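The values are calculated or read from the model by the stated rules, or taken from the named source; none is laboratory data. Just so it is clear, the model here is predicted, and its values are computed rather than measured. All Cβ positions, glycine included, derive from the backbone under ideal geometry; neighbour counts span all protein chains shown. Surface accessibility is based on the protein's heavy atoms, side chains included, excluding ligands, DNA and RNA. Shrake-Rupley method; radii C 1.70, N 1.55, O 1.52, S 1.80 Å.
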Amino acid sequence: MVEVKIKIPEDIKDIIDETSETIYVEALKEVARKRISYTQKRLKDLKKKIAIYETRYSKSYEEFSKSVPDTLNGHDDWIEWAYITKVANELSAKIEKLKLLIGK
C-alpha cells in the first residue's frame, strides 16, 4: 500500500477536514478516467504506426524480428518497431490498471 500526502493552503484546510474519504476516492477516479482517455489516444496512435510496419513487411513484429532484413532500413525499422511495440504493451497494461481503479 502506498501512502499519499497532499499539501494544501491553510484556508482550505477547514473545508477538507469536513469532507469524508469518499471525496478523495471520487477525485482519484476522475483523474483515472482522464488518464484512461489520454492513454487510449496515445495507444491508438502507436497502433497505427504498428499497422504501417505490419503492412510494409506483411508480418507481425514477432515474425519480423526473427528475420530482420540485413539492411540499414531493416535494422532501423526493427529498432523503432520494437520500441513502439514495447510502449504500446506498457500503455495497454496501464489502461487495465486504471480501469481497475475506477471499477471497470
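Out of all the residues in region 79-86, is one or more closer than 19 Å to residue 43 by Cβ, exposed (fewer than 13 other Cβ atoms within 10 Å of the Cβ) and touching a Lys or Arg at 6+ places or on another chain (Cβ under 9 Å)? Within region 79-86, one or more residues are closer than 19 Å to residue 43 by Cβ, exposed (fewer than 13 other Cβ atoms within 10 Å of the Cβ) and touching a Lys or Arg at 6+ places or on another chain (Cβ under 9 Å).
Taking region 81-104 as the range and being in a helix (DSSP H, G or I) and without any contact (Cβ under 8 Å) to a residue 12 or more places away in the chain as the test, the residues that pass are 83, 86, 89, 90, 93, 96, 97, 100. When 20, 58 are screened for being modelled with pLDDT of 80 or more, over 24 Å from the mean Cα position of the chain (by Cα) and loosely packed, with under 10 Cβ neighbours inside 10 Å, only 58 passes. For region 23-55, filtered to residues that are among the aliphatic types (A, V, I, L, M) and under 30 Å from residue 80 (Cα atoms), the residue that is most open to solvent (accessible area, probe 1.4 Å) is 52. Each residue in region 71-104 was checked for being of a type in the set (D, E, K, R), modelled with pLDDT of 95 or more and more than 9 Å from the chain's Cα centre (by Cα), and 4 of them qualify.
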